[in-house]
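Every read-out reported here was derived from the displayed coordinates using simple, explicitly stated rules and does not represent laboratory data. Remember, predicted model here, so these are calculated numbers, not experimental data. Methodologically, a virtual Cβ is constructed for each residue, glycine included, from the backbone with ideal geometry; neighbour enumeration extends over all protein chains shown.
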Amino acid sequence: MKNHLRPALVLFGALTLLTGVLYPALVTGIAQAAFPQAANGSLIERDGKAVGSSLIGQNFSSPRYFWGRPSATGPMPYNGANSSGSNQGPTNPALADAVKARVAALKAADPANTAAVPVDLITASASGLDPHISPEAAAYQLKRVAVARKLQIERVQALIDAHTEGRQWGLLGEPRVNVLALNMALDAER
Amino acid sequence: MQTNAVLQLVLYLAVLLALAWPLGAHIQKVFSDETPRYMRWLAPLERLFYRLAGVKADEEAGWKGYAIGLILFNLIGVVAVYALQRLQGVLPFNPQGLGAVSPDSSFNTAISFVTNTNWQGYGGETTMSYLTQMLVLTVQNFLSAATGIAVAIALIRGFARKSSATIGNVWVDITRATLYVLLPLSIVFAVALSGQGVIQNFKPYQDVHTVEATTFQQPKLDAQGNALKDAKGNPVLEDVTTTTQTLAQGPVASQEAIKMIGTNGGGFFNANSAHPYENPTPLANFLQMIAIFLVPASLCFVFGRMVGDRRQGWAVLAAMTLIFVLAYGALVSAEIAGNPALQQAGAGSALNMEGKETRFGVVASSLFATITTAASCGAVNTMHDSLTPLGGMVPTLLMQLGEVVFGGVGSGLYGMLVFAILAVFIAGLMVGRTPEYLGKKIESFEMKMTAVAILVTPILVLAGTAIAVLATAGKAGIANPGAHGFSEILYALSSAANNNGSAFAGLSANTQFYNVLLGVAMWFGRFWMIVPILAIAGSLAAKKRLNANAGTLPTHGPLFVLLLIGSVLLVGALNYIPALALGPIVEHLQMAVVHH
């Protein structure tokens, strides 16, 4: 045991220094030099003020904006300092109630819309910070936003198209629309 | 969507194999004490470490010496992780001023990160300072993975050597695994991730001014800061409006890289690899999935090379891959079939998007969930608690199989080789011959140790689950009603004892009861496997290596692969089907009945 103690302690210290100090410092240096925008949170500025991150969603509830995924973070939705999913199980009645309430809210904001609600628009994301919705979820909200803003449908459709990303490299992930970027583009229309 | 599900799997396996093959050659060189040419510039650092530590690199130990050194090294890790969490409030690199972590949570996290489990009772961005994240959590991500590799290499030496009294030098194995394998891979991977948007900085959390104001309810506090209650004892709520969003920051990319490569899985943030700052793009997600299986897959090739018959490595890899493909098929089918309750509540489809991110969707989330629980990683990009009943049963079962389907770094291979010993033993019983594996006679000592290694985790899982469902403190943690609540507890114990670390995260596990229960399960699940496995390594190394003859069961063909898969599934099924019937299976039947 005794002849194990020195190597155990010294190697633990040396490897801690290497992997816990030098390694993160090296990666920080490289990332800050090569990808400063990404390494610092992909922040978006408007009029010189940080208004959000292109990677982190925000809460929208006005009919004038596209709404994002429901967020289960606490105490407020889209809390960027406390990421979380709902963790509701598939047969939990609370899940069914929450989904019904979200459907009702969407219908109340747009009573004329009789289309089926895209499932991603009424289910909570994993992180509570999902910046995206599906193109179908954007299309579902198109008319409501255009009417609320007195914009032409074609104009809003063009903005949706401009903010829709396909699968990465045509292969990975799913097509999606960045909600914050789309809403900022809407605000910039006038 | 089914086509895409198949395409993603094929693409994944192809890229994995293309990378694991050369990495296997590299790792084999590293542990044959032949430092690869392109890494020799690190050799002076290695020698410096040995000189400071008083290690003679060419002095090897028997299995007992190896085991004592390894456990001592890991105990030091436990003390360090515990101490730093308790002290972080007064230490630097803590811009949010986060205070000391509670004693029971610190204990749990210390065991969790040392045992390569990375179960997290806490939420990262609300609990851990940057110093804690780097100086103990990132470090243990490396060292627990290095420990796993060392044990796997020691066991391989047991098969490869003949009439040897030693199985290696534990200090050399840990140092070389870190320096020549884990660190270079992590640097490359961390930089790639940060290019995709994973953050890497030491800034305080960033406040931004949101585009639209958010109104929400929170409990009203009195002047002393206590929550006000109304006449019925319910908390009084007040409406609050804010235009500030606070974005957590930190050195994430460096931790994220080794979190995947070391099959650790402990997230920097509470939402783990679902958080856009940890896993921002589908490409980052694909790379993370590759990183999880990369070292476990390449160790199969290392095994084949070191025992001098590459077909042996392919056979083990084939068995792992077949089980993996079956599991993925089951999980992704269940998630695509989805949850009829969503459709009934007004959704356009039943597709199970609850707890999933849009950029990953159902297919990439299902693939990730299968990979992370087949390996003992435990990182999540989807909330497993919200998977469909059968979709959630697959990760549970994969963990319960003992984390041998690729498994953890090192631990997957040594776990699978124990099952291989069991398989040749069963085959030997059937034909009445003394079983052999790779020319080594499998005798009563090896079988006793194999039985201990295979039975320790089911005992911990089933006894632990029984304790938790009987105890008031155990039931108090349940978040979802009915059979799903039982599944939450079964999942937690399966995850802890098999050192996975993912969770049905609705379970409130950051309590004294769960912190202690799961801490104990993690420790014994790890080291009550490692010690018997090192004992097997020592015993095998001392034996002669027999030549194969007409009566020897070949262990590189399809027959053996099926026998191996059969052994894994048989043991898993016998241990766990009754428990699974009470959780996910009941819930699935309830879901089907209610909606037809």
Listed by chain and number, the lysines with an alpha carbon less than 27 angstrom from that of B:Lys448, same-chain partners under 8 positions apart left out, are B:Lys64, B:Lys162, B:Lys440, B:Lys543, B:Lys544
Total charge of the residues flanking B:Leu351 in space, meaning their Cβ is under 14 Å from its Cβ, with Lys and Arg +1 and Asp and Glu -1, is -4
For region B:206-247 the mean separation of alpha carbon contacts under 8 Å (6+ apart) over residue count, i.e. relative contact order in percent, is 55 percent
With +1 at each Lys and Arg Cβ and -1 at each Asp and Glu Cβ, the charge dipole magnitude of region A:42-189 around its Cα centre, to the nearest 20 debye, comes out at 340 debye
1/(1 + (r/R0)^6) with r = Cβ-Cβ of B:Asn4 and B:Leu42, R0 = 35 Å, i.e. FRET efficiency to nearest 0.05, evaluates to 0.25
Note: B:Gln512 to B:Val325 extended length (0.36 nm per residue) minus current alpha-carbon separation gives 63.5 nm
Note: B:Lys232 to B:Ala18 extended length (0.36 nm per residue) minus current alpha-carbon separation gives 70.6 nm
Amide H neighbours of B:Asn118 at under 5 Å, excluding residues fewer than 5 places away on the same chain, with H built from the backbone geometry, are B:Phe113
A correct Kirkwood calculation over the Cα atoms of region B:86-238 returns a hydrodynamic radius in Å of 20.0 Å
Honestly region A:107-190 on the Cα gyration tensor test (a ≥ b ≥ c root eigenvalues; a/c under 1.5 rounded, otherwise a/b vs b/c for prolate or oblate) is just oblate
Here, A:Asn113 and B:Ala213, labelled 7 Å along Cα→Cβ, have an inter-label distance in nm of 2.4 nm
Taking every other residue with Cβ under 14 Å from the Cβ of B:Val316 and scoring Lys and Arg +1, Asp and Glu -1, one gets +2
Tilt, helix A:135-149 to longest principal axis of chain A (alpha-carbon atoms), in degrees rounded to tens, equals 50 degrees
Rounded to two decimals, the Debye log10 I(q)/I(0) of region A:42-189 (Cα scatterers, no solvent) at q = 0.14, 0.17 Å⁻¹ is -0.70, -1.03
With a 28 Å threshold on alpha-carbon distance, the violating pairs from A:Lys100/B:Lys356; A:Lys49/B:Lys259; B:Lys29/B:Lys56 are A:Lys49/B:Lys259
Counting only backbone N atoms under 14 Å from a point 7 Å out along Cα-to-Cβ of A:Asp187, the residues of region B:206-220 in range are B:208-214
Of the residues A:Thr73, A:Gln88, A:Ala116, the Cα lying farthest along the dipole of region A:19-171 towards its positive end, which is defined by charges on the beta carbon of Lys, Arg, Asp and Glu, belongs to A:Ala116
If exposed means trypsin sites (Lys or Arg not before Pro) lying in a DSSP loop and surrounded by at most 10 other beta carbons within 10 Å, then the longest stretch of chain B lacking such sites spans residues B:233-543
Here region B:108-120 yields Karplus 3J(HN,Hα) values (6.51, -1.76, 1.60; θ = phi - 60°; whole Hz; Gly and Pro given as x) of 4, 5, 4, 4, 4, 7, 6, 8, 6, 7, 6, 4, 10
Asserting the computed 222 nm helical MRE of chain B (DSSP H runs at least 4 long, -39500 (n - 2.57) per run, divided by residue count, to nearest 500) equals -19500 deg cm²/dmol
With Cα coordinates, the longest principal axis of chain B makes an angle with the long axis of helix B:282-306, in degrees rounded to 10, of 20 degrees
With the protein assembly as shown reduced to its Cα atoms and the Debye formula applied, log10 I(q)/I(0) at q = 0.07, 0.08, 0.09 1/Å amounts to -0.49, -0.64, -0.80
Computed about the Cα centre, the charge dipole of the protein assembly as shown from +1 Lys/Arg and -1 Asp/Glu charges at the Cβ has a magnitude in debye, to the nearest 20, of 1800 debye
Charge tally for neighbours of B:Arg157 with beta carbon under 13 Å away, counting Lys, Arg as +1 and Asp, Glu as -1, is +3
